[in-house]
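*Asks:* Handing you this structure, nothing more for now.
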Amino acid sequence: MPKVKITVTESNCRCGYLIKGQEFTVEDLCPPICHELWNVIYPSVFALLGGAELDCGETRAKMFEAKCPDGGRVTVRGEVIE
């Protein structure tokens, strides 16, 4: 079963929960991140765990980038790892 690695690529987290460079591996349970960000990225994580490829710029790939709904304070990249 694939796993999705979530990497914090930028962070100005209001509460200091997420720090640039942090990584989380998702297999079946949500990682310890705020629920606002998780709600944004969960559909993409779920799709990748199911084998999907997502729109990524001009191509399709087994990855995504997303921003926190709190003004884009945190940016993450999700990618499939085997």
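*Asks:* What percent does the relative contact order of the chain come to when contacts are Cα pairs within less than 8 Å and at least six residues apart?
*Replies:* Computed value for the chain: 39 percent relative contact order.
*Asks:* Helix 35-49 versus the longest principal axis of the chain: what angle, 0 to 90°, nearest 10, using Cα atoms?
*Replies:* 10 degrees
*Asks:* Ok, one more. Taking H placed 1.01 Å from N in the peptide plane, check which residues at least 5 places from K20 or on another chain put their amide H under 5 Å from its amide H.
*Replies:* Under 5 Å from the amide H of K20: S11.
*Asks:* Let me have the 222 nm mean residue ellipticity of the chain computed from DSSP H runs of 4+ only, each contributing -39500 (n - 2.57), with the sum over all residues rounded to the nearest 500.
*Replies:* Here the helix-only value at 222 nm equals -6000 deg cm²/dmol.
*Asks:* With a sphere of radius 15 Å drawn around the Cβ of V4, what net charge do the other residues whose Cβ falls strictly inside it have (Lys, Arg +1; Asp, Glu -1)?
*Replies:* It works out to a net charge of -3.
*Asks:* Hey, what do the phi angles of region 59-75 turn into as Karplus ³J(HN,Hα) couplings, whole Hz, using 6.51/-1.76/1.60 and θ = phi - 60°, x for Gly and Pro?
*Replies:* Per residue, the Karplus-derived 3J(HN,Hα) values read 9, 10, 8, 8, 7, 8, 10, 8, 10, 4, x, 8, x, x, 5, 10, 10 Hz.
*Asks:* Additional query: With θ taken as phi - 60° and the coefficients 6.51, -1.76 and 1.60, list the Karplus ³J(HN,Hα) couplings across region 50-55 in order, rounded to whole Hz; mark glycine and proline as x.
*Replies:* Going residue by residue, I get x, x, 6, 10, 10, 4 Hz, with x marking Gly and Pro.
*Asks:* Work out, step by step, the length gained on full extension between A61 and K20: first 0.36 nm times the residue separation, then minus their alpha carbon distance; give nm to one decimal.
*Replies:* Extra length from A61 to K20 when fully extended: 12.5 nm.
Rule-based calculations on the coordinates, nothing more; no lab input. Worth saying up front: this structure is predicted, and the values here are computed from it rather than measured. When we count neighbours, we look across all protein chains shown, and the Cβ atoms used for this are built from the backbone with ideal geometry, even at glycine.
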